[in-house]
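These notes are about the structure you will find just below.
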Amino acid sequence: MKKLKFRGLNSRFTNRAEIILRDFLALERTTLANERTLFSYLRTSLYLILAGIGFVELEDFERIKWIGYVLFPTSAIVLAYGFIRYFILSKKL
């Protein structure tokens with residue numbers, strides 16, 4: 001039977017020393033948790049953009065339109081922080 005190789009499922013860990021399966025799986029779980037955290041920052045950033053668009057598009061509430069304009073740069077800050085945190089933690093692994 002032919003063994004299938006999946007491009008995205010290859011491990012980035014190198015075997016510097018002899019490690020047991022439990023430690024290897026712990027490193028894989030940590031990597032997956034780091035990716036989930038990045039996706040949550042991305043999701044939060046998108047929700048902030050949507051909320052900002054909603055506040056800007058309100059016609060009867062001109063006094064709170066500024067909240068929408070504040071949410072756009074806040075979204076960019078959250079997204080940048082998420083990517084920075086992801087790459088810093090990826091280098092530590």
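The values are calculated or read from the model by the stated rules, or taken from the named source; none is laboratory data. Just so you know, these numbers come straight off a predicted model, no measurement behind them. Because the Cβ atoms are built from the backbone with ideal geometry, glycine has one as well, and the counts that use them run over all protein chains shown. Keep in mind that these areas ignore ligands, DNA and RNA; they rest on the heavy atoms of the full protein, side chains included. Shrake-Rupley method; radii C 1.70, N 1.55, O 1.52, S 1.80 Å.
If I take R0 = 25 Å and measure r between the Cβ atoms of L25 and S90 in this structure, what FRET efficiency does the formula 1/(1 + (r/R0)^6) give, to the nearest 0.05?
Details: r = 18 Å, r/R0 = 0.72.
In this case the efficiency is close to 0.90.
Any chance you could look up the accessible area of R85 with a 1.4 Å probe, heavy atoms only, rounded to 10 Å²?
90 Å²
Evaluated at 25 °C with a viscosity of 0.890 mPa s, what Stokes-Einstein diffusion coefficient in µm²/s does region 14-84 have when Rh comes from the Kirkwood expression over alpha-carbon pairs? Don't jump to the answer; show the numbers that get you there.
Details: Rh = 14.6 Å.
Once the numbers are plugged in, D ends up at 168 µm²/s.
Out of the chymotrypsin sites (Phe, Trp or Tyr not before Pro) in region 34-93, which ones are loop residues according to DSSP with at most 11 other C-beta atoms within 10 Å? Write out the running numbers ahead of the final one.
Values: sites: F39, Y41, Y47, F55, F61, W66, Y69, Y81, F83, Y86, F87; in loops: F61.
Sparse-neighbourhood loop chymotrypsin sites (Phe, Trp or Tyr not before Pro): F61.
How large is the accessible surface of E57 in square angstrom, using a 1.4 angstrom probe and rounding to the nearest 10?
130 Å²
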